[in-house]
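The values are calculated or read from the model by the stated rules, or taken from the named source; none is laboratory data. These numbers come from a predicted model, not from an experiment. Here Cβ is always computed from backbone atoms with ideal geometry, including for glycine, and neighbour counts include all displayed protein chains.
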Amino acid sequence: MSFLSSQPQVAICDTTLRDGEQTAGVAFTLTEKRDIARALDRAGVAEIELGIPAMGWDEVADMRVLAAELTRAEPVAWCRLRMSDLDMAMKTGVRRVHFAVPTSKKQLDGKLGRSPDWLLAETAALVFCAVDRGHVVSVGAEDASRTDPEFLVRLAEVAAAAGAVRFRIADTLGLLDPMGAYRLVAALAERITLPIEMHAHNDFGMATANTMMAYHAGAPFLSVTVNGLGERAGNAALEEVGAALEANGIATGIDLTALPALSAVVARASGRALPVAKPITGDLVFAHEAGIHVDAILKSPDTYEDPRCAPSRFGRERQIVIGKHSGLAGLRAALSAAGLPATDGIALALKPHLRAHAQRFKRPATPEDLRRMVARVSGLALVPDAGQAS
């Protein structure tokens with residue numbers, strides 16, 4: 001298999017409302033769930049895991065509401081390998097069901113106290129029953145990265161024979177690196193008949209890279225969360241995976257311009273503020289301060305921006321911010337934009353003030369900051385232009 005083999009399609013499967021809500025301290029109200037689900041639907045994700053029906057009747061009721069409002073994305077109910085979970089999933093009215101199956105010896109022994117043969121038999125029975133009831137079923141190998149690959153093959157074969165349509169590989173503890181993810185998926189893709197979905201956790205900061213490598217190895221279904229929300233260090237971030245795939249010419253169905261608003265919705269609902277340097281959606285990821293960079297960008301934007309990751313691709317705008325490392329070109333542009341004198345002399349005189357400001361406040365200078373500094377270095381009593389916010 002080619003290292004950069006292409007796929008005819010890729011499906012983004014979001015689990016913000018399920019795995020994302022399993023983040024410590026995060027709990028969404030129904031209103032917040034509806035906002036997130038609608039934003040995901042508008043953004044073009046293929047599937048949305050709506051929740052865990054076994055959590056109770058309130059969860060089931062929420063999932064029914066959410067599923068009814070989706071216009072494009074397919075809703076999914078997440079279940080443990082239990083008949084009672086399947087019974088609750090049926091109450092949601094959701095057709096697609098996912099069974100999470102603990103597969104590693106550590107989980108079989110420590111969590112279930114069951115044998116591998118029991119797990120295979122139980123998987124066959126539950127999948128067959130779900131299919132018989134009219135569900136479309138996927139099976140996920142929980143803790144796959146610590147599971148004997150031969151057992152993963154056996155499980156996938158059993159699931160397929162019982163009627164499952166997809167096999168999920170879950171790097172539950174985030175232990176894989178990109179080459180490990182590639183090798184695991186490639187080896188399975190050559191031996192099993194079911195299409196593969198990758199579900200990567202971010203414990204070593206590898207989730208997005210592992211998800212990309214899984215795709216190139218033969219996994220056309222990719223499990224993600226908005227902002228990388230999820231257990232412990234989180235999951236692969238939808239906005240990063242979607243943007244990276246599209247940058248490589250791989251159609252995802254995702255509207256990239258919808259990602260900033262989607263990210264903001266989830267940040268508010270989760271109470272987890274985005275880092276300003278968060279790829280794609282952080283406040284300052286399209287901001288430039290360093291003089292050499294700013295001078296070059298003002299002359300030719302493609303010197304430090306590529307069309308594949310340009311701010312306009314995501315409905316955003318480039319920012320030229322002023323701080324300690326600003327050069328004359330950036331300073332003059334900022335002064336002119338603020339309606340202030342934009343001479344080299346003024347710009348040079350501002351430099352020590354900008355350095356002191358950056359060290360004290362740890363943020364770029366605003367137009368009002370510049371106005372005060374210019375007044376200080378020039379001795380002019382400057383007032384805001386008419387209609388200009390201070």
Every residue from the stretch 298-315 that is small (Gly, Ala, Ser) and exposed (fewer than 12 other Cβ atoms within 10 Å of the Cβ): Ser300
When you look at Ile320, is it at pLDDT below 95 and out of contact with any helix residue (DSSP H, G or I) (no Cβ under 6 Å at 6 or more places or on another chain), yes or no? no
For Gly110, the lone unmet condition from (1) touching a Phe, Trp or Tyr at 6+ places or on another chain (Cβ under 8 Å); (2) small (Gly, Ala, Ser); (3) exposed (fewer than 15 other Cβ atoms within 10 Å of the Cβ) is (1)
Just to be sure, is Ile346 under 30 Å from Ala237 (Cα atoms), touching a Ser or Thr at 6+ places or on another chain (Cβ under 8 Å) and assigned to a helix (DSSP H, G or I)? no
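Here is a yes/no grid of residues against (1) without any contact (Cβ under 8 Å) to a residue 40 or more places away in the chain; (2) part of a helix (DSSP H, G or I):
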residue	(1), (2)
Val285	yes, no
Asp295	yes, yes
Glu305	yes, no
Arg308	no, yes
Ala333	yes, yes
Ser336	yes, yes
Pro341	yes, no
Within the stretch 194-225, the residues that are closer than 25 Å to Val158 by Cα and either among the hydrophobic types (A, V, I, L, M, F, W, C) or free of Cβ contacts under 8 Å to residues at least 24 places away in the same chain (or both) are Leu194, Ile196, Met198, Ala200, Ala214, Ala217, Ala219, Phe221, Leu222
Name the strands (runs of 3 or more DSSP E) wholly within the stretch 86-193 that hold at least 1 residues that are of a type in the set (Ser, Thr, Tyr), touching a residue at least 40 places away in the same chain (Cβ under 8 Å) and closer than 29 Å to Glu69 by Cβ? 136-142
